[in-house]
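Written below as structure tokens is the structure these notes are about.
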Amino acid sequence: MNREYEIVGDEEYFRDNRLMEELGGDSPRNRVLDCLLINYGRPVDYEKISIAANMKPEAVREVIEELKGEGMVVEKEGSYMLNPDHSEVLRLLEIEAGVMFENIRKARKYYT
């Protein structure tokens, strides 16, 4: 199932999400990072991030500006994406890959 649709309007998602735990818990920053990880490699605009992160666009702008200042986010044609050259982004991708691998393993157990 595509997580992007799972999280719209569903605050419980963040409490049960292993990636959120790895990031240090639910926070506006971690919600935005999670959305950008889901869409890694594709530029995402404020509106899509605010819907997926269940946040107001103004709050998303503040977080994006903070992440841009740290070099974790780059802007491309009015949209935003994670900077693949930033060491923290690489760490987050490793975490995300581990979470995805674990979900695949669980699904295989369930369906076999």
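Does V99 qualify as being hydrophobic (A, V, I, L, M, F, W, C), surrounded by 13 or more Cβ atoms within 10 Å (Cβ to Cβ) and at pLDDT 90 or above? Against the criterion (hydrophobic (A, V, I, L, M, F, W, C), surrounded by 13 or more Cβ atoms within 10 Å (Cβ to Cβ) and at pLDDT 90 or above), V99 does not qualify.
Rundown of residues vs (1) touching a strand residue (DSSP E or B) at 6+ places or on another chain (Cβ under 6 Å); (2) surrounded by 14 or more Cβ atoms within 10 Å (Cβ to Cβ); (3) not polar (S, T, N, Q), yes/no style:
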site: D34; (1), (2), (3): no, yes, yes
site: R42; (1), (2), (3): no, no, yes
site: L67; (1), (2), (3): yes, yes, yes
site: G71; (1), (2), (3): no, no, yes
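Only residues that are in contact (Cβ under 8 Å) with a residue 40 or more places away in the chain, under 14 Å from M81 (Cβ atoms) and either of a type in the set (S, T, Y) or not in a helix (DSSP H, G or I) (or both): list them for segment 28-69, please. Scanning segment 28-69 gives N39, Y40, G41. The set of residues in segment 19-42 that are among the small types (G, A, S) and closer than 17 Å to S79 by Cα contains only G41. If you go through segment 70-110 and keep only what is under 14 Å from the mean Cα position of the chain (by Cα), touching a residue at least 40 places away in the same chain (Cβ under 8 Å) and either in a helix (DSSP H, G or I) or farther than 14 Å from N39 by Cα (or both), you end up with L92, L93, I95, E96, V99.
The values are calculated or read from the model by the stated rules, or taken from the named source; none is laboratory data. All values reported here derive from a predicted model rather than from experimental measurement. Backbone-built Cβ (ideal geometry, glycine too); neighbour counts: all protein chains shown.
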